[in-house]
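The values are calculated or read from the model by the stated rules, or taken from the named source; none is laboratory data. Since this is a predicted model, take the numbers as computed values, not measurements. Methodologically, a virtual Cβ is constructed for each residue, glycine included, from the backbone with ideal geometry; neighbour enumeration extends over all protein chains shown. Remember, those area values only see protein heavy atoms, side chains included, never the ligands or the DNA or RNA. Shrake-Rupley method; radii C 1.70, N 1.55, O 1.52, S 1.80 Å.
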Amino acid sequence: MSKYEWHEAALRRKGYRLTPQRVMVLAALGQREGHKSVEELYEHVRRQYPYIDLATVYRSLQLLTKLHLVAEIRAGTTSRYELVQVEQRHHHMVCEECSAAFDLPPQYLDDLKARLVREVGFEPHMEHFTISGLCARCRSSSKASPTKE
């Protein structure tokens, strides 16, 4: 089974067509490790299918993200994407200063989810979760540099 066959089957189960463009976007995400920008995905797909346009890649990513098949990681004004793993929750911490993304182990969020369900009656979808803040390197460099007033 390829990295994205589960995602294709999930699209069909949810009543969506498996268009060639969606397959190419899934394949581009599955063939390359890490978090990819829309532009990187577009260039990858365009090499195989030169007639695709950037708007189609955006629409495909928007649908796949809405269906929780692709995770969007926002860092400032840019977004990066990756496949959601079949049986594995995947969370991130994103630095607001340098835009670096780090994995966040899911156990940190298990208590939060249980507490929200118990105390508020709200069950969050936490297949993918992103927390923004400052990484250790940016925190230490901001402490070392003088603040402006």
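Couple of notes before you dig in:
- Test: LEU18 is over 27 Å from SER99 (Cα atoms), surrounded by fewer than 18 Cβ atoms within 10 Å (Cβ to Cβ) and more than 13 Å from the chain's Cα centre (by Cα): yes
- Check on GLU33, loosely packed, with under 13 Cβ neighbours inside 10 Å and without any contact (Cβ under 8 Å) to a residue 24 or more places away in the chain: yes
- Within the stretch 60-77, residues that are under 12 Å from THR130 (Cα atoms) sit with their Cβ atoms under 6 Å from residues that are assigned to a helix (DSSP H, G or I) and of a type outside the set (Asp, Glu), at 6+ positions apart or across chains, in these pairs: GLU72/THR65.
- Residue match in the stretch 85-107 (condition: within 30 Å of ARG139 (Cβ to Cβ), part of a helix (DSSP H, G or I) and aromatic (Phe, Trp, Tyr)): no
- Scanning the stretch 55-92 for residues that are farther than 14 Å from LYS36 by Cβ, surrounded by fewer than 18 Cβ atoms within 10 Å (Cβ to Cβ) and at pLDDT 85 or above yields a count of 6.
- Answer residue from the stretch 110-146, given it is among the acidic types (Asp, Glu), open to solvent by 70 Å² or more (accessible area, probe 1.4 Å) and closer than 29 Å to HIS35 by Cα and is modelled with the highest pLDDT among those: GLU123
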